[in-house]
Structures are given as C-alpha cells and as structure tokens.
Amino acid sequence: MRKVFDFHGGVHPLENKHQSVRTAIADAGIPPELVIPLSQHIGAPSNPVVGVGDHVRKGQVIAEALGFVSVPKHAPSSGTILAIEERLIAHPSGHSAPCIVIATDGKDEWAPLPDTRPYESLDKAELLELIRHAGIAGMGGAGFPSAVKLSVKAGITIDTLIINGTECEPYITADDMLMRERSDRIIEGAKILHHLIAPGETVIGVEDNKPEGIAALRKAAEGSGIEIASFPTKYPSGGEKQLIEILTGKQVPSGGLPSDVGVVCQNLGSAVAIYEAVVEGKPLISRITTVTGEAVNEPQNFEVLIGTPVSYLLQKAGYEPSKNDRLIMGGPMMGVTVRDPSVPVVKTTNCLLAPTPQELPVPPPAQACIRCGMCAEACPASLLPQQLFWFAQGKEFEKLEHHNLFDCIECGACSYACPSSIPLVQYYRASKADILHQRKEQEKAEHARLRFETRQQRLEQAEADKEAKRAARKKAAEARAKSAVDDGNGEDPIQAAIARAQAKKAAQQGGGNESEQEKLEKTVVAARKRLDTASKKLEEAKVDGSDLVDALQSGVDKTRAKLDAAEKALAALGEAHAAVAPESEPTDAAQAAIQRAMAAREAEAALSPAEEAKADLEKLEQRLEKTRSKLAQSQASAGEEKVIEALTSTVQRLEQKVEAAQQALSETS
Amino acid sequence: MALMRLSSPHAHGPASTQRVMLKVLVATVPGILILTWFFGYGTLVNILFGSVIALAFEALALKLRGRPIGFYLSDLSALVTAFLLCIALPPYSPWWLIATGMASAILLAKHFYGGLGYNPFNPAMVGYVILLISFPVQMTSWAAPRGLAATPGFLESVQACFLPATFDGITMATPLDVLKQNSSLLIEDLWSQNPLFGRWGGLGWEWVNIAFLAGGLWLIQQRVFTWHAPIAMLATLTLLSALFYDGGSSASGGSPLFHLLSGATMFGAFFIITDPVSSAVSLRGRLIYGALIGALIYIIRVRGNYPDAVAFAVLIMNFAAPFIDYYTQPRTYGHSKRGEQ
Ligand code: SF4
Ligand code: SF4
C-alpha cells in the first residue's frame, strides 16, 4: 500500500453521488444543432478552416490551433456548417464567444481516420503531436491543452506521473463511471502516458468513496505496473496541488509547476481521450457528463458530443424546469451557473447540476465575521480567509498580496465552512481581478512613460541636430559672403544663390534620408534582438509547458511582423537613395559649398584682428548700402508699408552696427 | 423557474452563527445548574434578568445604528454575552449592577466598536472589569456555599435582585481569597481547618469547574472551537502552580489541582478565552494566546491584588491578539517560509 499524505484543511460536503451511478453511461445522441466554441480552454482560440455551407464529416478539423497553447476543433458529427458567429457560452460573466454552428444530418458519417501505429514505436514529439492534433485539453478544471502539460522541459526528471481520478466534487460521477465501464481504456491511456513521460512511477489517484471504480481499475491494471492509490475522501483532494501533496508529500512551489517537484498530472478523462487518439486515431469529440440534481428525473451519465446544447442534454435526463432555479455547469463547489440552457457542452463540462431550491438553498444573507477561524481550518492552501476577507473589504491590495491571495485556488471550502455564510470566494475573485487590472494599468502607465521618454529624447536629439545644422549653415554662409568680399570679384551672385539653395536642399534631403535610414536600421537591429530573445523565451516556455506560451507566441509574431516591415522600409529607402544618387549635382553643389566654407574659414583664420574688424566693417557697410537702396526702391515704388517699416528699422540697426564696427576698428588699429 | 446567477460555492456547510452561539449557551447549562445547586438561585436570576437587559440594549444599539434588529438579534451573540457576564457576577447581584455591566458590555465594548466581529475586547469581560473597579464591594462578596449556610429560595433570590436593600444574604470570602491571605498555615492544615475547602479545590467550586470543563469538552467535540487555547491555558497554569507549589508550605501558591478547580479557571478556559472575535485566530496563535493567559492568571492570582484574574488576563491578551496573529501566519501551501514567497 502506498503511503498517502494528508493536506491541510478541507471539508466534507454531502457527496450526493449515488443518484447518478445507478445506470450505465447512456448515449445522448445527436442534437439537431451543435455549437462549438472556438475557445474551450486556456490559451488562444482556434481559427475556423471551414466556411458557412460547407459539409463536414465527423472528426474533420473545423478549426485549427493558433499558437502553441491552442488545440484544433473537430466536427463532433457530420452535417453542414450553419454559421460562424457569436453564441452564448457558459462563463461566469455569462458572455458570448465565437462559435462554429453545425446543423447535423444525423448520418454521423466519419471522415477517414488517420492510420495509427503502435504507440511504443512513436517518439515523444510524434505522440505529443498526435495528442495535440486530437484536440485534447484537460477535461476537468481549467481545460489546459494536454500536449502543453505533457511537454516537460528537457533535463527535468519526472518521478511521478499522476492520473487524477479523484473527482472530489459532490454530485459528479463522470470519472467514476469511466472507471467502472472503461477501466481498460484508462489503463491503456495511462500506459501511453507512461511511455511518453517515462516517469519513475505512474499512479492513478482515486478517493476512497469509489470502491467499484477502484476495483475495476485494479483489475485492469494487473501486471501493467500502474499503481492505483486510494485515499480518504475530503474536498478538495482532487485539486492538482492537493493531489500531488496527497500522493507524494511534496508541495508545488507557489507560482511553480508540478514538474518543479518531479510530477506531471493528467485527468482521467484525458487519459481515455489520449488512448482513443493514439490507438484509434479519433479526435476528442465527445465526453462523459453527469446530469444530476433533484430537478432531473433520471440522473445519470451521458456520453455527449461536444457542442450539444445543455437544454438538449437536460431534456434527455428528464429535466423539470419548474423545479429548478439554478443550473450549474460543474459541481456545487466550483461550478458556474448557467442562465440560458442553450449554451453548449464543452470539453470541460463534467457535470450539469439542476438542484431544487430545497436541495441547494440560496445562502442566507451574510452575517458579521465572528473570526471563528473555521474558514482557516478549511482552507487547503493554508491561507487565512478571514484576514483576506477583511483586506478585500477594505481593498487593501498590498496586504492581500502579502497574505498570498494569489495562492487561493477558489475551491470554496472557506465559504462552505463559514457559519456566517459570507461569500468569501466572491470577494477573492473580485479582488484578484482588481489587482490584475491594477497591475495592467501600472504596466500600461510604465509603458507610456517609457514611450514618452524615448519620444522626448528623440525630439531633443532632432532639435539638437537641427540647431547644429543651422549653425553650420550660418557659418558657411558668412564665410562665403566674406570670401566673396575678400576675393573682391566673387561669383555671380545669382549663381551663388542658386548654388546655396541647391546645397541647402541637398543637405536637407541627404540629412533627412540619413536620419531616417539610421532610424530604420536601428529599428531593424532592435527588432531582431527582441525577436531573438522572444523566440528563446518561447522555446523555453514551450518546453516547460508554461501558460505563457501563447502570449509569447503572439509577441514573437508581432515582433517578426514589425521586423519585416522595418526591413522592407529600409530596403525601399536604399533603393530610393540609389535612384537619387546618379543625378548627383546637388550633392556636388553641397560639396562645393562646404569646400568654399572651409576655405573661407581658413582665410578668416589668417586675418589679423584689425583686418578682421575692417572686413566686418566693410561687410556691414555693404549690407547697409544694400538695405538702403532697397528701402529707397520700395519707397519709390510705394511698396507695402510693412516692408518699408522693416527695412527702415534694419537700416537703423545696421547703422548702429557700422558705428560700433568703426569704433572697434579704431581701437584695434 | 427563472435561472439565477450565483457565484460558487453553491453548497453550504451546516454551520451557522446562530447554531454556534446556541451550542455555547447549551454548554453553559451544566455549570449553571451546579452553581445553582451550591450557591442558590442567585446566578439563575442574574441570567434571567441579564438576558432581558442585554437583548434590550442590543435592540437599542441596533436601532440607533440603523441595522435590522431582528436579523442581528437572531445571531444570539447578545444572549451569549449576557450568560457569560451573569455567570461571572456574584450570585444575588442587584439589578443596577447587572444593568450597568450589560450596558458596558453590549453598548460600550461591542457596539461602540462596530458590533459583533469588530470588538477587540471580550464584551463580557469588559463589563466585568468595569464593575469590579467601580463596585469592588459588591463584586467581591460571593455567597456562601451550600453546607456552610442555607441557600435562599427562588423568590428570595428575585427579591435580592430587585430590592437589594431588603436582602440579607450570607457572603463569604472565596477559597482563592483565603489562600492568598494565608501566610501562616501549611496548605494541608489550611485544608483541614477551613471548611471552605473541598476535596481538591474550594467547596462547591470544584464541581462548578468540573461542570464547565464538561461543557467545554462537548464544545470541542462539536467543533465550536479548537482545543488549542484552552489546553494551552490549563497546561501553563498547571505548570506554574506545580513549579511554585513549594511543597505545600505556608508561602505556597496552591497546588495545580487547586488552581485548575478554583474560581473561574474552567469557565475562563472554555467559555471566555475561546471567544473567537477577540482572541488570536491561527492555531499556533491560539496556543500562544492561551499559554500567556494561563501565565497571567497565575501571576495575578498569586501576586496581584484581585483574587481572581481571568478577566484581567483575558483583556490584557485581547490587546496582544492582533500581534500574535501577525506573527503566527500559517505557512501557505507552496511557500517555504511563513509569510514569504
Ligand atoms: S468562517 Fe466566516 S465567520 Fe468564521 S472567521 Fe471565517 S469568515 Fe469569519
Ligand atoms: S477558496 Fe481560497 S481561501 Fe477559500 S478555502 Fe479555497 S483556497 Fe482557501
């Protein structure tokens, strides 16, 4: 017998399992319409590959996986695609999501199944691909894609592979019935998983309230080396973390993965699905769902096609809507209420619970917390729910995090135990959402700040560049003017003006091009770098099967797109540049201007202070002269008042300057 | 029926605050019966009158605070406070003493702080200590036990409550007083010479304590509270009294058994320090909380000025409870150290 460990806390709600195990698993049949949500699991939704009006056959892929943490969807039966549209799905907030709707034709015609090979001859990658392709996602709980969970990071040894057959939620018997009726498939699936993971041991964990199931499993497992471990019934022993503690005595580090303590977990239903995918080549298109509660006349388990409307399934079990005021998808501890029975059964729908109001009464209004600590005694995560409640009421997010709110698995044991019937879990969910929202806002703000800062920097840089250019131009112009004066004859002023203008244009163009090109080059380099790190991270994440894979994948895609765009732009710019280059006149002109400027500067440097002063004076006098003549001209031609005014003031200013220059000259000489 | 939206969990356990409070009330019954047997109807009358007053004050406070009166009265917490305070009061207390005590407990200690769940101090003990300080004479005169004096009848007891001036009861020092004042006799001689002492503790008191112990054990079995605080308190008291027993000399602080079965030991251990609102919450915290109360009780009993010490010890530790909680956070699943990642 295996040594099993206890975990802290836990509660013993009424099991209510006997109602739904009296008859064998029934076939729910083919509903007239199947609604397949594109996202039934954690991770990216899948991408439809069929169009409205297409005929599909059973098992045919109708939506393919997008990204690593995503699984394809298959047609659960043959028929015609009726629509691809938003439909209501079962979700805590009761919202709708994109779904593929199939009008079934009742023929249930299979698409050709792929050839299968004995699993022993398949390597890890091939097996994972088969599992992924069959659309298998965790069939209890959050519905994490199985292939991701099974991709263990290289170099990590797995001591224990755990198949979770605990089914600790009251009322649900889907796994129990699987064990009783299909234990061979479970064991075969477990063998495939064993082959895939190559762990030290493979254990199927079952609560001791399912003796028939345990016996059936033990019989099927004979000689396979797979161990069946049973342990005392206590909610929530089926929580992954709790089950790991029960079977290994180890705790998964906060924020870590089971593989950190050498464990991989799979759901019992997933093991069967894996068997069917690998051995029979069948994708996951149906599951076992318990339909129970006092508002159904024949509580039992059904084999249901994914996408079957809840209302259809309920009716098969003799549902009496008049007796029912609360329809729960899942169990009474963690299930989600459904307000519209048209929502479809999905891969994670292990139970439909239709209780009467007497059976599961609405909790009385919450009373004051008397700090009795019963919640803390019940909490499997060893939290202090009453403190969390206190902080949640006060919206003290920091304290909530300090008290490890995020280690709460929302099992509901605390609310169950609370004598004041305080809806504790509701507070925690809201607080978690608030904190995540706040974090996101903070990140956004940080992002915006960074963006602002880089922009600011860029603007400053541009400003500085402009300033420098302006200074250079000014100097060049001055020098040119000077050299013209010095040379005495100088160039033809018109020619010079044209050359100047050209030079300016060239400088601007060249400068502009250059900075743009530089920018693009920088972008390309940065994007490449980012892509590299992101890809690396993605690889790592893929290997450890982290839930980040998806986010990373989309990040990588985006970066790649950016990089492409930048590269293209860069290439285009280069071409444009090349096209401009042949008619190199402007460039030459600019070159000449620069040379001239340099020459002028040299000449200037050669002048003595007196000569310099003299040159200045001359220059000023010349300008004065010119301005005066202009002024006279415009006065004569009765030019615009404004122009005359401006010219007058310039003349005055120049006169002052000439005076100052004369004085300076007299001082130097 | 229209389907409603509710958040999980949808199942709820059988525990309810009323039920918890009701169990506490039921568990006090053996102790009350024994008290009545040995000391007469005084305590019973205290409780009857005190309950009425407490409910009235509670209703008044709820009305003033604009809360639904029926809903909050039905949590029975006011009745529990009334029972506990009235058990602690000397039998045959006059009505004004009881009323003052209830006002202090319900209005001051409970509703001024925001009502049930928000009171940092045990309301019954706040009421008790305020009375003890304000009316030391009335609060320290305890009725003589059956066997040493005749116990008054029921009508006489009612008279004692409402017409205190006309009542002339026989009061005596309690065994704890006698032991504290003793400086000349060996414990053995004290026991044989003073009729106030019974087989193990005070005459009558030993049975009162045993009755409250029984009630307390039943509450633990009913999972109303955990064993941690009471057992830690009793263990500490036993340890200290054994340590300073001094072989039963005249300077002895009294034997462990005497301490366990005298005064309000068991009543305090199972009915006062287990008040969830004002005590430490985590299990380790409760161990510390209980142990420190045990130590304080011993010190105050042997060294302090007041004969019994439960009320003071509890109020002092009420102060400390939040700090104890802060430092005894349990280690969360998947974290290596308490309170850390
Ligand atoms: S169980 Fe309820 S009343 Fe008791 S401490 Fe927890 S939250 Fe408060
Ligand atoms: S819901 Fe969270 S706080 Fe409550 S018992 Fe479960 S893990 Fe603990």
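With the structure loaded, tell me whether residue B:38 is within 14 Å of chain A (Cβ to nearest Cβ), in contact with a Pro (Cβ under 9 Å, 6 or more places away or on another chain), at pLDDT below 90 and assigned to a helix (DSSP H, G or I) or whether it fails that test.
Details: within 14 Å of chain A (Cβ to nearest Cβ): no; in contact with a Pro (Cβ under 9 Å, 6 or more places away or on another chain): yes; at pLDDT below 90: yes; assigned to a helix (DSSP H, G or I): yes.
Here the answer is no, as residue B:38 does not meet what is asked.
For the range A:178-198, enumerate the residues that are crowded, with 24+ Cβ neighbours inside 10 Å and closer than 21 Å to residue A:291 by Cβ.
The answer is A:178, A:179.
Pairs under 7 Å by beta carbon, first residue more than 9 Å from every other protein chain (Cβ to nearest Cβ) and farther than 11 Å from residue A:370 by Cβ in the range B:265-286, partner at pLDDT 90 or above and in a loop (DSSP other than H, G, I, E, B), six or more apart or different chains?
Filtered contacts from the range B:265-286: B:272/B:122.
Of the conditions (1) of a type outside the set (Phe, Trp, Tyr); (2) surrounded by fewer than 24 Cβ atoms within 10 Å (Cβ to Cβ); (3) in a loop (DSSP other than H, G, I, E, B); (4) more than 10 Å from ligand 1 (Cβ to nearest atom), residue A:430 fails just one. Which one is it?
(3)
Could you list all residues from the range A:308-329 that are facing chain B (nearest Cβ under 8 Å) and open to solvent by 10 Å² or more (accessible area, probe 1.4 Å)?
Hits for the range A:308-329 are A:321, A:322, A:323, A:325.
From A:407, A:434, which residue is of a type in the set (D, E, K, R) and at the interface with another protein chain (Cβ under 10 Å from one of its Cβ atoms)? Let's see the steps before the verdict.
Numbers: A:434 fails: at the interface with another protein chain (Cβ under 10 Å from one of its Cβ atoms).
Step by step, each of A:407, A:434 is checked, and only A:407 is of a type in the set (D, E, K, R) and at the interface with another protein chain (Cβ under 10 Å from one of its Cβ atoms).
Can we say residue A:217 is out of contact with any Leu (no Cβ under 8 Å at 6 or more places or on another chain), hydrophobic (A, V, I, L, M, F, W, C), assigned by TED's automatic domain parsing to the domain that holds residue A:158 and more than 30 Å from residue A:285 (Cβ to Cβ)? Full working, then the answer.
Details: out of contact with any Leu (no Cβ under 8 Å at 6 or more places or on another chain): yes; hydrophobic (A, V, I, L, M, F, W, C): yes; assigned by TED's automatic domain parsing to the domain that holds residue A:158: yes; more than 30 Å from residue A:285 (Cβ to Cβ): no.
So residue A:217 fails the test.
Given the structure, is residue A:363 closer than 30 Å to residue A:315 by Cα, within 11 Å of another protein chain (Cβ to nearest Cβ) and not in a helix (DSSP H, G or I)?
On the way: closer than 30 Å to residue A:315 by Cα: yes; within 11 Å of another protein chain (Cβ to nearest Cβ): yes; not in a helix (DSSP H, G or I): yes.
Taking the combined requirement at face value, the residue satisfies it.
Kindly indicate the residue of the range A:445-470 that is loosely packed, with under 11 Cβ neighbours inside 10 Å and among the basic types (Lys, Arg) and also nearest to residue A:596 (Cα to Cα) among those meeting that condition.
Ranking the candidates gives A:470 first.
Basic (Lys, Arg), surrounded by fewer than 18 Cβ atoms within 10 Å (Cβ to Cβ) and either under 30 Å from residue A:611 (Cα atoms) or within 16 Å of ligand 1 (Cβ to nearest atom) (or both): does that describe residue A:473? Please lay out each step first, then the result.
Details: basic (Lys, Arg): yes; surrounded by fewer than 18 Cβ atoms within 10 Å (Cβ to Cβ): yes; either under 30 Å from residue A:611 (Cα atoms) or within 16 Å of ligand 1 (Cβ to nearest atom) (or both): yes.
Yes: the conditions hold for residue A:473.
Working only within the range B:41-69, note down all residues that are in a helix (DSSP H, G or I) and open to solvent by 50 Å² or more (accessible area, probe 1.4 Å). Walk me through it before giving the result.
If we filter the range B:41-69 for residues that are in a helix (DSSP H, G or I), which is where we start, we get B:42-64, B:69.
B:44, B:48, B:52, B:55, B:56, B:60, B:63, B:64, B:69, listed by residue number.
Can you confirm whether the range B:99-110 contains a residue that is crowded, with 21+ Cβ neighbours inside 10 Å, more than 14 Å from chain A (Cβ to nearest Cβ), in contact with a Leu (Cβ under 7 Å, 6 or more places away or on another chain) and over 30 Å from residue A:367 (Cα atoms)?
No, because not a single residue in the range B:99-110 is crowded, with 21+ Cβ neighbours inside 10 Å, more than 14 Å from chain A (Cβ to nearest Cβ), in contact with a Leu (Cβ under 7 Å, 6 or more places away or on another chain) and over 30 Å from residue A:367 (Cα atoms).
Just to be sure before I move on: is residue A:21 under 27 Å from residue A:227 (Cα atoms), in contact (Cβ under 8 Å) with a residue 24 or more places away in the chain and away from ligand 2 (no atom under 16 Å from the Cβ) in the structure I sent? Please lay out each step first, then the result.
Working: under 27 Å from residue A:227 (Cα atoms): yes; in contact (Cβ under 8 Å) with a residue 24 or more places away in the chain: yes; away from ligand 2 (no atom under 16 Å from the Cβ): yes.
Here the answer is yes, as residue A:21 does meet what is asked.
Between A:392, A:354, which is at pLDDT 90 or above, within 30 Å of residue A:71 (Cβ to Cβ), touching a Phe, Trp or Tyr at 6+ places or on another chain (Cβ under 9 Å) and crowded, with 23+ Cβ neighbours inside 10 Å? Working first, answer last.
Numbers: A:392 fails: within 30 Å of residue A:71 (Cβ to Cβ).
Of the residues listed, the single one that is at pLDDT 90 or above, within 30 Å of residue A:71 (Cβ to Cβ), touching a Phe, Trp or Tyr at 6+ places or on another chain (Cβ under 9 Å) and crowded, with 23+ Cβ neighbours inside 10 Å is A:354.
Considering A:426, A:387, A:393, which residue is among the polar types (S, T, N, Q), within 15 Å of ligand 2 (Cβ to nearest atom), at the interface with another protein chain (Cβ under 9 Å from one of its Cβ atoms) and over 26 Å from the mean Cα position of the chain (by Cα)? It would help to see each step written out before you state the result.
Values: A:426 fails: over 26 Å from the mean Cα position of the chain (by Cα); A:393 fails: at the interface with another protein chain (Cβ under 9 Å from one of its Cβ atoms).
Among A:426, A:387, A:393, only A:387 is among the polar types (S, T, N, Q), within 15 Å of ligand 2 (Cβ to nearest atom), at the interface with another protein chain (Cβ under 9 Å from one of its Cβ atoms) and over 26 Å from the mean Cα position of the chain (by Cα).
Just one of (1) under 34 Å from the mean Cα position of the chain (by Cα); (2) under 21 Å from residue A:316 (Cβ atoms) trips up residue A:39, so point out which.
(2)
I need the full set of residues from the range A:330-351 which are within 11 Å of chain B (Cβ to nearest Cβ), touching a helix residue (DSSP H, G or I) at 6+ places or on another chain (Cβ under 8 Å) and either outside any loop (DSSP other than H, G, I, E, B) or open to solvent by 20 Å² or more (accessible area, probe 1.4 Å) (or both), in order please.
Those that are within 11 Å of chain B (Cβ to nearest Cβ), touching a helix residue (DSSP H, G or I) at 6+ places or on another chain (Cβ under 8 Å) and either outside any loop (DSSP other than H, G, I, E, B) or open to solvent by 20 Å² or more (accessible area, probe 1.4 Å) (or both): A:338, A:341.
In the range A:234-252, is there at least one residue being surrounded by fewer than 24 Cβ atoms within 10 Å (Cβ to Cβ), over 34 Å from the mean Cα position of the chain (by Cα), touching a residue at least 40 places away in the same chain (Cβ under 8 Å) and more than 14 Å from every other protein chain (Cβ to nearest Cβ)?
No: the range A:234-252 contains no residue that is surrounded by fewer than 24 Cβ atoms within 10 Å (Cβ to Cβ), over 34 Å from the mean Cα position of the chain (by Cα), touching a residue at least 40 places away in the same chain (Cβ under 8 Å) and more than 14 Å from every other protein chain (Cβ to nearest Cβ).
Which ones in the range A:394-424 are within 11 Å of ligand 1 (Cβ to nearest atom) and part of a helix (DSSP H, G or I)? Walk me through it before giving the result.
So the first thing to find is which residues in the range A:394-424 are within 11 Å of ligand 1 (Cβ to nearest atom), and the list is A:413-424.
A:413, A:414, A:415, A:416, A:417, A:424 - these are the residues of the range A:394-424 that are within 11 Å of ligand 1 (Cβ to nearest atom) and part of a helix (DSSP H, G or I).
Only one residue in A:438, A:442 is more than 23 Å from residue B:121 (Cα to Cα), open to solvent by 30 Å² or more (accessible area, probe 1.4 Å), touching a residue at least 40 places away in the same chain (Cβ under 8 Å) and within 29 Å of the chain's Cα centre (by Cα). Which one? Please lay out each step first, then the result.
Working: A:442 fails: touching a residue at least 40 places away in the same chain (Cβ under 8 Å).
The conditions single out A:438.
Could you identify the single residue in A:381, A:413, A:354 that is touching a residue at least 24 places away in the same chain (Cβ under 8 Å), among the small types (Gly, Ala, Ser), within 30 Å of residue B:78 (Cα to Cα) and within 10 Å of chain B (Cβ to nearest Cβ)?
The conditions single out A:413.
Quick grid of which residues meet (1) in contact with a helix residue (DSSP H, G or I) (Cβ under 7 Å, 6 or more places away or on another chain); (2) more than 16 Å from ligand 2 (Cβ to nearest atom); (3) of a type in the set (A, V, I, L, M); (4) not in a helix (DSSP H, G or I):
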{"residue": "B:252", "(1), (2), (3), (4)": "yes, yes, no, yes"}
{"residue": "B:263", "(1), (2), (3), (4)": "yes, yes, no, yes"}
{"residue": "B:269", "(1), (2), (3), (4)": "yes, yes, yes, no"}
{"residue": "B:297", "(1), (2), (3), (4)": "yes, yes, yes, no"}
{"residue": "B:316", "(1), (2), (3), (4)": "yes, yes, yes, no"}
{"residue": "B:326", "(1), (2), (3), (4)": "no, yes, no, no"}
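Scan the range A:362-371 residue by residue and report those that are under 20 Å from residue B:328 (Cβ atoms) and either more than 15 Å from ligand 1 (Cβ to nearest atom) or open to solvent by 20 Å² or more (accessible area, probe 1.4 Å) (or both).
As a first pass, look at the range A:362-371 and keep what is under 20 Å from residue B:328 (Cβ atoms): A:369-371.
Passing the criteria: A:369, A:371.
I'd like to check something: does the range A:397-418 contain any residue that is at positive phi, surrounded by fewer than 24 Cβ atoms within 10 Å (Cβ to Cβ), within 32 Å of the chain's Cα centre (by Cα) and more than 10 Å from ligand 2 (Cβ to nearest atom)?
Among the residues of the range A:397-418, not one is at positive phi, surrounded by fewer than 24 Cβ atoms within 10 Å (Cβ to Cβ), within 32 Å of the chain's Cα centre (by Cα) and more than 10 Å from ligand 2 (Cβ to nearest atom), which makes the answer no.
The values are calculated or read from the model by the stated rules, or taken from the named source; none is laboratory data. Keep in mind it's a predicted model, so treat the numbers as computed, not measured. So basically every Cβ, Gly included, is an ideal-geometry build from the backbone, and we count neighbours across all protein chains shown. Accessible surface is based on the protein model in full, side chains and every heavy atom, while ligands, DNA and RNA are left aside. Shrake-Rupley method; radii C 1.70, N 1.55, O 1.52, S 1.80 Å.
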